[in-house]
1. Among Ile347, Gln271, Ser59, whose Cα lies farthest out toward the positive end of the dipole of the chain, if unit charges sit on the beta carbon of Lys, Arg (+1) and Asp, Glu (-1)?
2. Do any of Lys453/Lys499; Lys220/Lys274; Lys238/Lys457; Lys52/Lys86; Lys457/Lys501; Lys52/Lys72 go past 20 Å between their Cα atoms, and which?
3. Taking Lys107 as the anchor, which lysines have their alpha carbon closer than 19 Å to its alpha carbon, excluding any fewer than eight residues away along the same chain?
4. Using alpha-carbon pairs under 8 Å, 6+ residues apart, how would you state the relative contact order of the chain in percent?
5. Which order do Val358, Val242 fall in if you start with the one that has the fewest other Cβ atoms within 10 Å?
6. Under a point-charge model restricted to the Cβ atoms of Lys and Arg (+1) and Asp and Glu (-1), what is the dipole moment magnitude of the stretch 191-275 relative to its Cα centre, in debye to the nearest 20?
7. Evaluate the distance, in nm, between pseudo-label points positioned 7 Å from the Cα of Ala243 and of Gln461 along their respective Cα→Cβ axes.
8. Mind checking which of Ser393, Pro373, Pro113 is farthest towards the positive end of the chain's charge dipole, using Cβ charges of +1 (Lys, Arg) and -1 (Asp, Glu) about the Cα centre?
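Derivation of every value follows stated rules applied to the coordinates shown; laboratory data play no part. These numbers were taken from a predicted model, which means no experiment stands behind them. Reconstructed Cβ throughout: ideal geometry from the backbone, glycine too, with neighbour counts over all protein chains shown.
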Amino acid sequence: MTYLKNSCIFTLLILLSFNGFSQEITSKQIDSLVAKSMSITNSAGLAIAIVKDGKVIHSKGYGLKSVTSKEKVDQETLFSIASNSKAFTSAALAILVDEGKLTWDDKVIDYIPEFKMYDDYVTANFTITDLLTHRSGLGLGAGDLMIFPDPGNFTIDDILNSFQYQTPTSAFRTKYDYDNLLYLVAGEVIFRISGTSWADFIQTRIFNPLGMTNATPLIKYLKPNANVAMPHSSYNDKLVEVAPYNSGDLVGAAGGINASVNDLSKWMLMQLNKGKYGTGLSKTLFSEKLQKQMWSPLTITGYNLYADERTGNHFSAYGLGWEISDEKGKIIVQHTGGLTGMLSRTILVPELNLGIVVLTNTDPGGYAFYSIPETILDWYLNIEKKDWITELSDYSKAEEKDGDKVTKAVWETVKANKKTKINFNNYIGTYNDPWFGDITITDKNGKLWFTSKRSPKLNGQMYFYKATTFAVKWEFKDMPCDAFATFNLNEEGKAIQIKMKGISPNIDFSFDFQDLNLKRID
């Protein structure tokens, strides 16, 4: 996910002067970018840090931690960094590789014998590298309903058992499709090898050595009265505080970390120093050899034979917990992160000894988490000026407007058909998906009701739409995720199967309703 905000002639003039001069961007210029962004987008708060040539040259918070408390963000405020956690998981594995406790080519079943994929060959040949590179053959976000929305009652054992029941959408190692669950398996590999949980490993082997004193690997480790940003939603142009995402220990290795920009400055400096840190860079977290491997393209995500005219981009790829691309002859190493009400982006340019991190607590927030660092990156790469803040803010609004048209039409159809008589008895029952578990369709005070037994937030009223399709309006409102449920009936008109898909075209990919195959069991 990605977002931001805009305004003011003075700040606009400053932005228009960003033609990519070689000198360092100043804090005053960054302040102007943020002012522009927050004036045109509905954002609660954000924090930015830049490291350059071994020094922190900017670290600052803006806006509010919470629209309820009105407390302000500062450089120590903790945000959920979501999928930026994945690079920490790959770093943890790299530490173990350096110690000779595993190799990237080791088979997962050597450490987790019960691990089983959708095919025996894939199971037998699935490596540690495969866990981290989004090339499993499974579709985008496959199985994410086990962890999203939170909190379900799924365990790591459920995750390990789920892959054999999921249907691949491409051949093994042939196509990029972003995955979260396999990073949870990577976290379990760390536990099986080290005897230490993923969270404790990250805390003791990465946070503590680097002096990331406020960062926590999981939300449950936040101290009482911690300096923490609360998540917000800005859908429908309303800024609303929502509940923090919390799925306990399970999600850590894919997206569990909370950190400040001050914490992440230390992380970026270590990365740019090729794994070294401390006084005189006398200590090593992981070797330069391992870092090069983590930053090597392994799964191609895009390729241009002729360079993009503006940026000079030729390729994009995924390595081990990092996205890799090129711009103006420089390698760009980056990642984004998104959870309910939280968006983030980290960018490293090793050849410029440059690191940028932006953390936000608003979704979509005009895609500020993307437009601000992109503007800063353009400055340092001497790329022709582009008003990313306005462009992505407008894009975000247009995207939401288009999605609203679709959903509005669906609910207008529901309203028009509300007098259609439905025999609830044809649909009431218990249905099972082998990886998601049981759901029930019940008559709840004269309303047809969908209830997930293992994901408590996925429950809500079912409204007749057309034919055998119903629209489910979830009680969970923090993100647009209502869904269609289409019943397959037998020759007697009784439902025997349910297939689902999201209603809004803007639904987050982690609501992978389309991957469910619910069959009646009672």
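1. Ser59
2. On the way: Lys453/Lys499 17 Å; Lys220/Lys274 31 Å; Lys238/Lys457 22 Å; Lys52/Lys86 23 Å; Lys457/Lys501 17 Å; Lys52/Lys72 26 Å.
Correct reply: Lys220/Lys274; Lys238/Lys457; Lys52/Lys86; Lys52/Lys72.
3. Cα-Cα hits under 19 Å: Lys116.
4. Values: 1218 pairs, mean separation 103.5, N = 522.
Rounded, it is 20 percent for the chain.
5. Working: Val358 29, Val242 19.
Sorted ascending by nearby Cβ count, the order is Val242, Val358.
6. On the way: 7 positive and 5 negative charges, 56 e Å.
Dipole magnitude for the stretch 191-275 comes out near 260 debye.
7. 2.0 nm
8. Ser393
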